[in-house]
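Scroll down for the structure; my scribbles are underneath it.
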Amino acid sequence: MDRQLARPGDADRRNYRTLAIVAAFILILPAWAKFIPGDVLHIDIVNIMVLAGIYACVVVGLNLLVGYAGQISLGHAAFFGIGAYTTAILCTRLHWFPTWLGVIAGAALAGAIGWLVGKPVLRLKGHYLAMATLGLGEIAFILFQQLKGLTGGTVGIMDIPPLSILGLKFDSDLKFYFLVWVIVIALMLLTINLIRSRVGRGLRALHSSEVAADAMGVNTSRYKVQVFVLSAAFAGLGGALFAHFQKYINPESFVIAVSIMFITMVVVGGMGNIWGALIGVLLLTFLPSVIQALPQWIPGLPSALQNFSNYELILYGLLLILFMMFLPKGVADGLGRAADYSEVRARHLRDRRRAKKLEGH
Amino acid sequence: MNTGDRAQIRLLWGAAAVVVVVVVFTLSFKQSTGLQWILSGLTVGSIYALVAMGFSVIYSSTRVINFAQGEFTMLGGMLMFTLCTRGGLPLWLGFLLTVAIVTVLGAGFERLAIHPLKDQSVITIIIVTIGLAIFIRATAKWIWGTDPVKVASFTGDKPLRFFGASIVPQSLWVFGLTLVAVVMVFLFFNRTLLGKGMRAAADNPDAASLVGISASTSSLVAWSLAAALGAAAGAVIAPINFAAYDAGAMLGLKGFSAAVLGGLGSAPGAVVGGLMLGVLEMITAGFAPSGYKDAVAFLILILVLLVRPQGLLGRPEEVKV
């Protein structure tokens, strides 16, 4: 974090300010979406925002693990799936089971399994850790498919009841939207506070040099496992919300490609930057829908181009490459540098004004 | 010979002993069925080994994991279909053209997208290769459609009998290519100046450039070589597997697993890892419900890594303080 000319405390103040702006934006977005209805843009903004919020739960945690602790995971779709299946099985088998407790159980079980596998696996480093987590993701996917008695096999689980908390039923997109984003903002607040605490400093030390951190008395192996468990629980929480939102789950939602999508969101947004996770999620969740809707925005397009959805993935892959080529440290880093630049520039202009005033006297 | 090499050779013998025990056990238990599993396992394993070598080549010269490696293999199969089965070109010409086209694609991509990122972190480049994989797969779907295509075998489809088990002649082509490829890659990285220089460039780019080794050339050669290997593998295995636009993801995953199992960056390791993975998969598919065969293979892989974090034939990465 070498922000030039930033003063101590600046970063924290800016983080809280940004969080407040994000919260305000979330609050007014649905009203704004009313003015531009989905059938004009051909994008259901609220629906996609719910999905983005669900993914954000996972990616905020994963960003802590990858960006701050420097440990890679290519298997977080497994924890996402464990959360989803836990609440789905509990709430469809036991009809009296409160759905909010199912969500908590999903997050808790994902965290517990994260602890069980994290303890041995996190001794591995770099690409070997990537491989081991990839393998765990694949094993989880196979279990979701094969444990037919529990998970319903490839068909999955249907008729998952909507989430209700204290008698409040979250059965529409809009209600779910507010619920999910309140949770995301709470997780963000938790993350901001975590990284400026002793634990956060330890994690950053761990990222820059594990040996040095060890030597300075940071219990690196314990920190690694703790962050892994936290990110697994966040992913489980996201998965449980996903199950109640979709009302239907099957193993296809938890394949390796989903794990890779999560890691891609972290890197495109900007590793080790709390806003990076949010930006990456929004960008990559909206991108496919925008690409799909793109031809319908231009009236009178020849029908060959109207059928643009066929080329959706070609464009998606291309954009991913271009993003990394032009913003290799992530979008958030680019925005942060722009903000720094404007702040420094404002300070510079103010100083010059003052100097002029002094000259005038 | 230094101690690292000696330890490697000891491990190689150890791995061989384990494989022999498993093989003898399977053979005495199931006889010709068991032999069939092992032969199928070796065929599948050779395919994994060929893909794994592509991963190893790029890793040992740039430390990047190329997620598009499986897509190069997929392209090899699809181009063989277009050139030979559809286009009617003779086999050898189709094969050479396929390898040439994919090599040019690999080299071109390196210059366009990887080279400009040479000062960025490895994970950034890995995400770029993920983007490339998505791009190639979608383009292939657009060109060739979603139906799998059948490529004719090189030398007929009449199975050869072998102690009560049977094997298709195409498997022998796969074995042959694997053998040629591993010897060539090993000699290239250990006996030629360019190959040794490329390893040096990966170890320490600054020091290597001081003695006149260009990291830029090294990366270009590695990508071309990996693309060529991938295409050759795809061309040879297409008659066994059906070739399809989405075959690359699965091949990439298994190839990466084999490369890590054997030790990233080691060509003999890639072969050992690939063959072990293939045989293990086929044997577990024989004993356990077939749905679980991949799960068992990955479980064994993780256990091996926990015992030996740098893979079977890999060297532990030195930690710089």
Work through the residues other than residue A:316 whose Cβ is under 14 Å from its Cβ and net out their charges, Lys, Arg +1 and Asp, Glu -1. +1
Using a simple charge model, +1 on the beta-carbon of Lys and Arg, -1 on the beta-carbon of Asp and Glu, nothing else, what dipole does the range A:210-345 show about its Cα centre, in debye to the nearest 20? 120 debye
Considering every Cα-Cα pair within the range A:10-360, what fraction, in whole percent, is farther apart than 40 Å? 17 percent
Around residue A:170, which amide H atoms from residues at least 5 apart in sequence, or from another chain, sit under 5 Å from its own amide H, with H modelled in the peptide plane? A:163, A:164, A:165
In chain B, taking the dipole from +1 charges on Lys and Arg beta carbons and -1 charges on Asp and Glu beta carbons about the Cα centre, the listed residue (B:102, B:263, B:202) farthest towards the positive end is B:263
Once both label points are put 7 Å beyond Cα along the C-beta direction, the residue A:18-residue B:115 separation in nm becomes 3.5 nm
Work out from phi, with θ = phi - 60° and the Karplus expression 6.51 cos²θ - 1.76 cosθ + 1.60, the ³J(HN,Hα) of each residue of the range A:259-274, listed in order in whole Hz, and give x for Gly and Pro. 4, 5, 4, 4, 5, 4, 4, 4, 6, 5, x, x, 5, x, 9, 4
Rough spin-label spacing in nm, given labels placed 7 Å along Cα→Cβ, for residue A:96 and residue B:146: 4.6 nm
With x for Gly and Pro, the residue-by-residue ³J(HN,Hα) of the range B:20-28, computed from phi through the Karplus equation 6.51 cos²θ - 1.76 cosθ + 1.60 at θ = phi - 60° and given in whole Hz, is 4, 4, 4, 5, 4, 4, 4, 5, 5
For the table B:150/B:196; A:169/A:329; A:119/A:329; A:119/A:169; A:125/B:150, the rows whose alpha-carbon distance is greater than 32 Å are B:150/B:196; A:169/A:329; A:119/A:169; A:125/B:150
Counting only residues 5 or more places away or on other chains, whose amide H sits under 5 Å from the amide H of residue A:72 once H atoms are built in the peptide plane? A:126
Label point distance in nm, residue A:346-residue B:207, each placed 7 Å from Cα along Cα→Cβ: 4.8 nm
Please give the calculated 222 nm ellipticity per residue for the protein assembly as shown, where each DSSP H segment of at least 4 residues contributes -39500 (n - 2.57) and the sum is spread over every residue; nearest 500 deg cm²/dmol? -24500 deg cm²/dmol
I'd like the Karplus ³J(HN,Hα) series for the range A:85-96: coefficients 6.51, -1.76, 1.60, θ = phi - 60°, whole numbers in Hz, and an x wherever there's a Gly or Pro. 5, 4, 5, 5, 5, 4, 7, 8, 7, 9, 5, 7
So, in Å, what gap is there between the alpha-carbon centers of the range A:42-74 and the range A:331-352? 28 Å
Charge dipole magnitude, Cβ of K and R +1, D and E -1 - the protein assembly as shown, Cα centre, debye nearest 20: 1480 debye
Treating only the Cα positions of the range B:63-163 as identical point scatterers, give the base-10 log of I(q)/I(0) from the Debye formula at each q in 0.12, 0.13 Å⁻¹. -0.51, -0.58
Euclidean distance between Cα centres, the range A:230-290 to the range B:39-92, Å: 31 Å
So, for the Cα atoms of the range B:45-267, Rg and Dmax in Å stand at 17.5, 60
Inter-part distance where the range A:126-186 and the range B:149-226 are each reduced to a Cα centre, Å: 41 Å
With +1 assigned to the C-beta of every Lys and Arg and -1 to the C-beta of every Asp and Glu, and no other charges, what is the dipole magnitude of the range A:10-360 about the Cα centre in debye, to the nearest 20? 1420 debye
Let me test this: with uniform point scatterers at the alpha carbons of the protein assembly as shown, what is the Debye-based log₁₀ I(q)/I(0) at q = 0.06, 0.09 1/Å? -0.37, -0.83
Once amide H atoms are built 1.01 Å from N in the peptide plane, which residues 5 or more positions from residue A:249, or in another chain, come under 5 Å H to H? A:157
Note, residue A:222: beta-carbon cut-off 12 Å, +1 each Lys/Arg, -1 each Asp/Glu, net +1
Percent of Cα pairs exceeding the 14 Å cut-off, where the set is the range A:80-124: 51 percent
Residue span residue B:299 to residue B:183: 0.36 nm per residue of separation minus Cα-Cα distance leaves a gain in nm of 38.8 nm
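Here, each number is a calculation from the coordinates, and none is a lab measurement. Keep in mind it's a predicted model, so treat the numbers as computed, not measured. Every residue, glycine as well, gets a Cβ built from its backbone with ideal geometry; the counts of neighbours run over all protein chains shown.
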